[in-house]
Amino acid sequence: MKEWFTAAELAELALPGMPTNRTAFNRLTQRGGWSHPDREWSETENPLGIWRKRVGRGGGVEYHLSLLPSQAQAKLLVDAKIAEPAAASSAVTKAALGVQQMWEWFEKQPDKAKGKAATRLSVLDMVEAMVRNGQKKEIAVALIAVNQGIAGSSIWGWYGRVQGQDRPHWLPFLADRYVGRTREAEISPDAWEAFKGFYLRLEAPTLTRCYRDLEKLARENGWSVPSEKTLARKIEREIAAPVLVLTREGPDALKRMYPPMERDRSCFHALEAINGDGHKWDVFVLWPDGSVGRPMMVTFQDLYSNKILSWRVDKSENRESIRLALGDVVEQFGIPDHIWFDNTRAFANKALTGGASHRYRFKTRDEDPIGICEQMGINVHFTLPYSGQSKPVERAFRDVAHDMAKAPDFAGAYTGHSPDNKPANYGERAIPLDDFLKVAAREIAEWNARPGRRTKIAGGRSFDQVFEDSLTQAATLIRRATPEMARLWLLAAEGISAHSDDGSLRLLENRFWGEWLQEHRGEKLIVRFDPQNVLDGLHVYDLAGKYLGHAPVLEASGFADVNAAREHARQRNAFLKATKAMVAAERSMSALELAALLPEAEAPEAAHINPTVIHASFGNTALAAAPTTARHQEQERFLDSFGKAVLRLVPTDSDL
C-alpha cells in the first residue's frame, strides 16, 4: 500500500477536504506547518516522520498518509487510488533485487507481461520528453494521462517503481511481479520420501495409484498428506526432469534428452571414411531352401556424400555378408582410410577386425589372425550398438526401408514395422529372393540418384553427384586393391591346425593338402576359401598374414571305389618317387661309395658248422633228411629280402 504522496499527486486525487490544485495545496501545507521545502529540516524538527525529501528527478517533498483528514484517508482506501496489495508486495520484492537479477527474471516472463511493461515504459518516455522540452513534470503527467486514457496516479506509481534506477534498466522494474499463492499444504518428510519411492520406478506407475498407496501408509503412521494435485505440483517443482526420466523411463530415454553431437563430415572426401550396419527388412522373403523370413541387409555408406556404396542380403547379420559387402566397396571404388562399425559380434569378428585397437568383443590372443581391415590399412572405429546417432547409415535405413518395404512389388509381403502394426494383409505371400534383390537394387539406385538433397554438403545435388564430384577433384587420392588382395575379402578365414603327420587340413568334412604343407605340420594356420565353392581349395596363410600357398581338395571317396584307389595309389607313388629324387639330391655320395672309403678288414677264418636245421621229409619215408648247407641258407635269406621289397612296392588294402 502506498503511504507517501507528493503535493501534485494529492491535488490530482481531489480528496474530500483537500485542495484540488497544487498552489492551494502548498498554502495548506504552510498553514498546517507540515514542511518548508526551501529549508533543511532535522530529524528533531520532524519527529513523527510525516514528511520527507523526495528522491529522484524533480526533487520536492512527499507527505505521509497520516497527515490527511480522515475523510481523505477513507477515500483513498475505498477508491483504491493507491497501489493494490499484491502490486505493493511485488514492488517491495523487486526493490530487493539487483539490476542483473531483475533482467534475468524479466527474460523468463511471458510476452504478455513484457508487452505491458514496454507500454508503461513508452508512457514514461513521453513524460520525460515533455519535461526535457521545459514542461513541468506534474503537468506532463496529467496531459499524458488524459491523452492515453489512464490515471495519473498510475504514472506516478510507475515512477515509484523505477525510482533510483538508470533509464536503461527501467523496463524490468515496470513489469508486474505477482507473487501469487505461496502457502501450500504441508507433507510429512517421511510421507514425501515414501511417495518418491512409489512414484520414481521404472514400472512408471500412475500418480493416482501412488497416491492411494501413500494414503494407506499415512493412515498407519499418522503422516500429514496433502491433496493429489499438490503432490503433482511438488513433483514438478522439486524433482528435476532428468531424474524423472531416468527413474521412470530408463537410461536410454535419458540419453535422448542430451542433444546428439553434430558431426561435420565436410572434412572428409569421397571414400575417405565409410560406415556400415545391418538392417532387418519388414518384408517376408521366400529363400531358395523353401523357408520364409525377413532378410537382413548389410550396408556400407560413404560418410562424405551419404551414398550407399554396397549391400549384401542374408538370413542374418553374419561375418560372411559383412566381408563380402566390404569387398564390393573395395573392388568397385577403392580402399577407404577409415571405417565405422557397430561393436556387435558380427562386425567385430576377428577375421575382419583382428589386430584393431579398441576391440571390446572376444578375447584377444597372440595367435589371433590379423584382420582384413588391418592388412589393407583401414583404420577401424567402433560405435555404440543400436545408437543411430553414431551411424548416419541409420538415417538411410529409415528412408529407404520406409519407401522400399511399402513398394507395390511387396504388396501382401509387408510385415509392418512392429508386431503391433501388422497390416490387414499380413502374411498373404512371400517375395522370392531374386525378386527382392531386384527391387532392392532399383530402390537403392533411385535413392542415391535422387536430386534436391538438402544436406550441408549436397546443396541440392544428388548423393551420386556429390560422390563423383569429390572423386574427380585433383586432391582426392584413392587407394586401389591389387589382385592379390581379392583373397582377403572374397574368401572367408578360419584358423585351423595342420595335421601333425602329413600337414593336411580339414574343413567342412573335406581334406585339403599340398606338398608344401609338410613344412607346417602341427601348426595353426589361417585359410581363406569361397564359402559357396569350397572344393576350389584353400588359400593358406600363417598367423602373421603371410601367404603360404594353395591347398587343393582331397576328395573323400568310398573304400570300394577302385578308380579312386588307383588314383590314390598313383598319386602316392608319384609322391614317393619325388621324395626319392629329393633324397638323391640331398645325398652327394651313395652307400657303396661310402663303404669303399672304409678301411678293409681281414676276413675271419671260416669255422666248421654242423647243420642244425633239417628239411622235413614227407610221403616217402625211405628218403633220408638232407642237411641244409650254408649256400642254401644264403639263398633263403636273399629270397626273403627280395619278397619283402616287392611287397613294399605293391599297395596294400590299408594303403587303399
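We did not get these values from a lab; they are worked out from the coordinates using the rules stated. These figures come from a predicted structure and were not determined experimentally. Neighbour counts run over all protein chains shown; Cβ positions are idealised from the backbone, glycine included.
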So what are the ³J(HN,Hα) numbers for region 239-245, from phi and the Karplus equation (6.51, -1.76, 1.60; θ = phi - 60°), rounded to whole Hz, Gly and Pro as x? 9, 5, 4, x, 5, 4, 5
Return the equivalent ellipsoid semi-axes of region 491-554 as a descending list in whole Å, where each equals the square root of 5 times an eigenvalue of the C-alpha gyration tensor. 16, 13, 10
Put a dot 7 Å past each Cα toward the Cβ at Glu509 and Lys422; how far apart are the dots in nm? 3.7
Radius of gyration, Dmax [region 271-311; alpha carbons; angstrom]: 13.5, 41
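Kindly state, as a whole number, the per residue volume in cubic angstrom of the convex hull around the alpha carbon atoms of region 270-471. Present the calculation step by step, with values, prior to reporting the outcome.
Numbers: hull volume 27.1 nm³, N = 202.
Hull volume over Cα atoms, normalised by residue count, gives 134 Å³.
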Distance in nm between label sites at Lys229 and Ala449, each 7 Å beyond Cα in the beta-carbon direction? 6.4
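Rank the residues Ile274, Ile235 as a footprinting-exposure proxy: fewest other Cβ atoms within 10 Å of their Cβ go first. Spell out each step's value before the answer.
Values: Ile274 26, Ile235 16.
Arranged by neighbour count, lowest to highest, Ile274, Ile235 become Ile235, Ile274.
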Determine the alpha carbon to alpha carbon distance for each of Lys255/Lys391; Lys307/Lys391; Lys112/Lys234; Lys280/Lys315; Lys280/Lys406; Lys196/Lys216 and list only those over 18 Å. Lys112/Lys234
Where labels lie 7 Å past Cα in the beta-carbon direction, separation of Ser500 and Arg167 in nm: 10.2
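Nearest 0.05, what FRET efficiency do Asp125 and His64 give at R0 = 22 Å with Cβ-Cβ as r? The partial results should precede the final answer.
Details: r = 30 Å, r/R0 = 1.37.
Once rounded, the FRET efficiency stands at 0.15.
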Assuming 0.692 mPa s and 37 °C, estimate D for region 85-173 with Stokes-Einstein, Rh taken as the Kirkwood radius over Cα pairs, in µm²/s. 238
Assuming R0 = 45 Å, what is the FRET efficiency of Asp213 and Trp105, from their Cβ-Cβ distance, to the nearest 0.05? 0.70
Show me, bin by bin at 10 Å from 0, the whole-percent P(r) of region 189-257 based on Cα pairs. 20, 51, 23, 6, 0
